[in-house]
Amino acid sequence: MEKLLICGGKRLEGVVRIGGAKNAILPILAAILLNKSNDEIILTNVPRISDVAKMVEILRSLGAEITWSGTNMAVSPRNLTGYAVEEHLMREMRSTIFLMGALLARFGQVCISHPGGCAIGQRPIELHLKGLKKLGAQIREQHGYIYASCSRLTGADIHLDYPSVGATENIMMAAVYARGVTVISNAAKEPEIVDLQNLLNKMGAKIRGAGTDQIRIIGVNQLHGVEYSVIPDRIVAGTLMIAAAATGGEIILENVIPGHLEAVTSKLRETGVQIREESERVLIKAPKRLRAVEFVRTLPYPGYPTDLQAPIMAALTLADGTSMVVENVFDSRFKHVGELNRMGAQIVVASDNRTAVVHGVEKLTGATVTAPDLRAGAALVIAGLAAEGETIVEGLEHIARGYENLEGDLNKLGAEIKRIRV
Ligand code: UD1
């Protein structure tokens, strides 16, 4: 088993380039299955993370031919035959849920295993299913499987009860070949949804409105091959910004879209961090000690991202004063709290499991901690960087899901992190 051994107390300094976004590439890998032509799809800026590797395995199991070299990927869905995702593959990654929309639109039927809950909460999928039903799909749930079928989907007005990222993306993909016009209202506005729209439009779809709460899709008959570059990962960028903040560091991030980072930038400025935004770079200069903030409230985009809730909490454990962190998006996303408290943090979670009160402490001390999920894992690494002494982080498979080389990036910035085998 591999673990990270972090020797804390080093100030981060230097320049790092950010790779492609996990939450953009995963729906994109589903969307390209809509290509019925013989054309290849070429993707660039593809992050080398384990979630992408799993999705590639699933696409191959459905018949897609894929070459992946470095950050470039070529996909030919010419011989795609499958519309049923094997259970063991589906269980490994919840994101496979949005294969439903794409496979349903392409084959008129799809069978997937129910994705179930996950470490950060219940994660129901009723919004996905309601949307697909509105487009005319017949859906049957039986023995842990979901079967959907249709002759041809028909455009519809779909109002989402909640702006779910995955449901918005799933419905967009399903509607691409639907007869007529589909309008999704109360749609999620995340930048990854705009990226999906841009890819699909480049393939010949007619979608507009992504990035606003209303998305309009005019059905088309055919999509074609394309070359497309994935947007940079705002969550990886935010993680490194917070790591710099927690260590009193001064870093520059390249290949970022500063507009995607507004909520993080503004929250970090409240803590006393200086941030300068340039066209594709962000410069961060942190004070020796951060100031506590009144609130961090996670919300759908453009609010503060839930995926950076754990990382900022790690930094706030060492701020002067008391901060309140409210998790509004997921119902079980405080699993890092116990681990941070083992390192000397003083965090109390209210009985609703939605609010955490973070009392800033003088110092954290190194300990052995376990990553309970992806972003909580990143938070523990940040705590280890800021702590006195040695921290061992276990559960690295979670971190590998969404960070190409977190310890490599941090070491490049002057951290002292080793991968050890025990
Ligand atoms: C995506 C991101 C994830 C991020 C999340 C919120 C990807 C691959 N993952 O996940 O990193 O944390 O957005 O920004 O892009 N919900 C329902 N019913 C549904 C669907 C969702 O109640 O049918 C609830 C969820 O349980 C959750 C909330 O809505 O509490 C947000 O979920 P959603 O926006 O769908 O997140 P994901 O697409 O799963």
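Taking the stretch 97-109, which residues are buried (at least 21 other Cβ atoms within 10 Å of the Cβ) and either under 19 Å from Lys22 (Cβ atoms) or away from the ligand (no atom under 12 Å from the Cβ) (or both)?
Of everything in the stretch 97-109, those that are buried (at least 21 other Cβ atoms within 10 Å of the Cβ) and either under 19 Å from Lys22 (Cβ atoms) or away from the ligand (no atom under 12 Å from the Cβ) (or both) turn out to be Ile97, Phe98, Leu99, Gly101, Ala102, Leu103, Leu104, Ala105, Arg106.
Among residues belonging to the stretch 8-55 that are away from the ligand (no atom under 15 Å from the Cβ) and assigned to a helix (DSSP H, G or I), point out the one that is nearest to Ser279 (Cα to Cα).
Restricting to residues being away from the ligand (no atom under 15 Å from the Cβ) and assigned to a helix (DSSP H, G or I), the top hit is Ile32.
If I ask for residues that are surrounded by fewer than 22 Cβ atoms within 10 Å (Cβ to Cβ) and among the charged types (D, E, K, R), which ones from the stretch 190-219 would you list?
Lys202, Lys206, Arg208, Asp213, Arg216
Cβ-Cβ under 6 Å, sequence separation 6+ or interchain: first residue in the stretch 182-195 and at positive phi and modelled with pLDDT of 95 or more, partner within 11 Å of the ligand (Cβ to nearest atom) and part of a loop (DSSP other than H, G, I, E, B). Which pairs?
Going by the 6 Å Cβ cut-off, the qualifying pairs are Asn186/Leu160; Asn186/Pro163.
Residues Ile184, Ile112: which one is under 21 Å from Tyr83 (Cα atoms), away from the ligand (no atom under 12 Å from the Cβ) and not in a helix (DSSP H, G or I)?
Ile112
Got a sec? Which of Ile218, Ile171, Ile207, Ile158 is over 25 Å from the mean Cα position of the chain (by Cα) and at pLDDT 95 or above?
Unique residue meeting the criteria: Ile218.
Select from the stretch 136-155 the residues that are part of a strand (DSSP E or B) and without any contact (Cβ under 8 Å) to a residue 24 or more places away in the chain and write down the one among them that is farthest from Val183 (Cα to Cα).
Among those residues, the one meeting the criterion is Gln142.
When the stretch 136-155 is examined, which residues are found to be over 28 Å from Lys22 (Cα atoms) and crowded, with 19+ Cβ neighbours inside 10 Å?
Across the stretch 136-155, the qualifying residues are Ala137, Cys150, Leu153, Gly155.
Hey, does the stretch 223-244 have a residue that's modelled with pLDDT of 95 or more, basic (Lys, Arg), under 27 Å from Leu199 (Cα atoms) and buried (at least 24 other Cβ atoms within 10 Å of the Cβ)?
Checked against the condition, which is being modelled with pLDDT of 95 or more, basic (Lys, Arg), under 27 Å from Leu199 (Cα atoms) and buried (at least 24 other Cβ atoms within 10 Å of the Cβ), the stretch 223-244 yields at least one hit.
To keep it simple, each residue is scored yes or no on (1) in contact with a Ser or Thr (Cβ under 6 Å, 6 or more places away or on another chain); (2) under 15 Å from Ala148 (Cβ atoms); (3) touching a residue at least 60 places away in the same chain (Cβ under 8 Å); (4) of a type in the set (A, V, I, L, M, F, W, C).
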residue	(1), (2), (3), (4)
Ile66	no, no, no, yes
Gly70	no, no, no, no
Ser76	no, no, no, no
Asn79	no, no, no, no
Tyr83	no, yes, no, no
His88	no, no, no, no
Glu92	no, no, no, no
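Any residue at all in the stretch 48-67 that's over 16 Å from Asn79 (Cβ atoms) and touching a strand residue (DSSP E or B) at 6+ places or on another chain (Cβ under 6 Å)?
No, the stretch 48-67 contains no residue that is over 16 Å from Asn79 (Cβ atoms) and touching a strand residue (DSSP E or B) at 6+ places or on another chain (Cβ under 6 Å).
Across the stretch 122-138, which residue is farthest from the ligand (Cβ to nearest atom) among those that are of a type outside the set (D, E, K, R) and closer than 20 Å to Phe330 by Cβ?
Here the residue is Leu129.
Write out, first by first residue and then by second, each pair whose Cβ atoms fall under 8 Å of each other, whose residues are 6+ apart or on separate chains, and whose first residue, in the stretch 324-337, is open to solvent by 30 Å² or more (accessible area, probe 1.4 Å) and β-branched (Val, Ile, Thr) while the second is part of a loop (DSSP other than H, G, I, E, B) and modelled with pLDDT of 95 or more.
Val329/Leu299; Val329/Pro300
Being at pLDDT below 95 and open to solvent by less than 60 Å² (accessible area, probe 1.4 Å) is the requirement here; does Ser351 meet it?
It is false that Ser351 is at pLDDT below 95 and open to solvent by less than 60 Å² (accessible area, probe 1.4 Å).
Checking Tyr162 against (1) among the hydroxyl-bearing types (Ser, Thr, Tyr); (2) in a loop (DSSP other than H, G, I, E, B); (3) farther than 26 Å from Asp307 by Cβ, which single condition isn't satisfied?
Only one criterion in (1) among the hydroxyl-bearing types (Ser, Thr, Tyr); (2) in a loop (DSSP other than H, G, I, E, B); (3) farther than 26 Å from Asp307 by Cβ is unmet by Tyr162, namely (3).
Can you name every residue in the stretch 298-332 that is assigned to a loop (DSSP other than H, G, I, E, B), within 14 Å of the ligand (Cβ to nearest atom), modelled with pLDDT of 95 or more and not acidic (Asp, Glu)?
Leu299, Pro300, Tyr301, Pro302, Gly303, Pro305, Asn328, Val329
Go through (1) away from the ligand (no atom under 16 Å from the Cβ); (2) assigned to a loop (DSSP other than H, G, I, E, B) for Arg60 and report which single condition fails.
Among (1) away from the ligand (no atom under 16 Å from the Cβ); (2) assigned to a loop (DSSP other than H, G, I, E, B), the lone unmet condition for Arg60 is (2).
Of these, Lys36, Lys10, which one is at pLDDT below 95, open to solvent by 50 Å² or more (accessible area, probe 1.4 Å) and basic (Lys, Arg)?
Lys36
The values are calculated or read from the model by the stated rules, or taken from the named source; none is laboratory data. Not measured: the values here are computed from a predicted model. Don't worry about glycine lacking a Cβ; one is built from the backbone with ideal geometry, like all the others, and counts go over all protein chains shown. What goes into the accessible areas is simple: the full protein's heavy atoms, side chains included, and nothing from ligands, DNA or RNA. Shrake-Rupley method; radii C 1.70, N 1.55, O 1.52, S 1.80 Å.
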